Every structure is written in C-alpha cells, then in structure tokens.
Amino acid sequence: MSQLKFECSSLGFACEWALRADTRQEIVERVREHARCAHNLPELPGELLGKVESAIATA
Ligand SMILES: [Zn+2]
C-alpha cells in the first residue's frame, strides 16, 4: 500500500514541515494539529482545508 505525503509549504507557508501517512484522514488531522501549534490557526479555514486536500500526493 502506498503512502500519502503532504508538505506544509504547499499551503503557502514558509515552513519545512512535511509528513507521510497511510490515509487522507490522518493527514488532515495532523495538519490541523500542526496548523494550530505552528501557525496559530485554532481552526483550519475551509479554504485551507481545500488546499490540503488537493496538495495530498502519493509518496
Ligand atoms: Zn507549517
């Protein structure tokens, strides 16, 4: 089973953070956590969530 990957810079942040996960759901959850801790975004705006979804790529 191939993994999925996501890079925070794809959201437009000057940020090196990236992750790999097995499911899109896990990526979205971890991006929410990262956005809250690292980018001071308690809630992920719908616009950014859409960008997250479209930036998830096969690893
Ligand atoms: Zn980031």
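S10 falls short on exactly one of the conditions (1) touching a Lys or Arg at 6+ places or on another chain (Cβ under 6 Å); (2) touching a residue at least 40 places away in the same chain (Cβ under 8 Å), and that condition is (1). Search the range 13-51 for residues being in contact (Cβ under 8 Å) with a residue 24 or more places away in the chain and in a loop (DSSP other than H, G, I, E, B), and hand back the single one that is nearest to the ligand (Cβ to nearest atom). So, considering only residues that are in contact (Cβ under 8 Å) with a residue 24 or more places away in the chain and in a loop (DSSP other than H, G, I, E, B), the one nearest to the ligand (Cβ to nearest atom) is C15. Could you tell me whether any residue of the range 23-32 is surrounded by 12 or more Cβ atoms within 10 Å (Cβ to Cβ) and either farther than 13 Å from L4 by Cβ or in contact with a Ser or Thr (Cβ under 8 Å, 6 or more places away or on another chain) (or both)? Looking for residues that are surrounded by 12 or more Cβ atoms within 10 Å (Cβ to Cβ) and either farther than 13 Å from L4 by Cβ or in contact with a Ser or Thr (Cβ under 8 Å, 6 or more places away or on another chain) (or both), one finds at least one in the range 23-32, hence yes.
Only the coordinates and a few stated rules stand behind these numbers; no lab work does. Just so it is clear, the structure is predicted and the values come from calculations on it, not from any experiment. Cβ sites come from the backbone with ideal geometry, for glycine too, and all protein chains shown count toward neighbours.
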